[in-house]
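The values are calculated or read from the model by the stated rules, or taken from the named source; none is laboratory data. This structure is a prediction, so every number in the text was calculated from the model and none was measured. Positions of Cβ are generated from backbone atoms using ideal geometry, with glycine treated the same way; all protein chains shown enter the neighbour counts. Note: areas computed on protein heavy atoms with side chains; ligands, DNA, RNA excluded. Shrake-Rupley method; radii C 1.70, N 1.55, O 1.52, S 1.80 Å.
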Amino acid sequence: VSALTPVVQRLKRESPTSPETCVARDWHLRAAGTFAEMAGDHHAAARYFAERAEHLKAWSSLVPENISLVRDYRVTLHYASVHSLSGGNREDALRFAKQSAEVARQLVEKTDGAEEDRVTYMHELAWMAKCAQALDDEEELRVVRGKVRELRKTFDESSPRFGEVDSLVAFVEQVCQGLSGPMSDNR
């Protein structure tokens with residue numbers, strides 16, 4: 001990982017709009033994050049994936065029609081969240097999970113509610129619930145529970161993905177067990 005640091009730093013100084021720089025920087029940040037992940041260094045992995053997420057966000061704004069960049073951005077935010085939680089930084093884990101869920105929601109809108117994107121959004125909400133649970137953030141859990149319940153209504157029971165959707169709903173319900181106070185479905 002340390003061998004990639006000078007290259008990443010140099011690429012930061014180059015033109016952020018150059019396609020070659022965008023591709024090279026993305027490759028190096030992804031590689032650095034993956035190497036840190038393989039070494040079990042969750043702090044470094046979270047840092048590199050967070051930096052890659054910012055890069056992908058900027059890059060995707062230059063070519064908004066490129067949905068695959070937006071999907072990579074969502075996945076990278078998810079990895080930053082996972083490694084933040086694994087590294088003990090629960091606040092960052094929830095922050096990245098919320099960002100990832102928001103990007104997933106935006107993808108649902110961009111793809112006119114494509115089932116694959118709705119399922120992905122539900123996965124991101126389930127992960128967000130896990131992160132909120134780690135922080136004992138009951139308000140966030142209530143919000144996620146409401147969103148998951150509403151999203152479930154958009155799936156046809158005949159869908160081959162319906163079992164997966166029901167499992168995700170059950171997971172969120174289980175994570176939310178034991179919340180104090182009334183559970184509102186209006187969120």
- Where a residue in the stretch 58-74 is over 14 Å from residue 23 (Cα atoms) and its partner, wherever it lies, is open to solvent by 40 Å² or more (accessible area, probe 1.4 Å) and of a type outside the set (Val, Ile, Thr), with Cβ under 7 Å and at least six apart: 67/110
- Message: Checking the condition under 15 Å from the mean Cα position of the chain (by Cα), part of a helix (DSSP H, G or I) and either modelled with pLDDT under 95 or surrounded by fewer than 20 Cβ atoms within 10 Å (Cβ to Cβ) (or both), which residue from 91, 20 passes?
- Response: 91
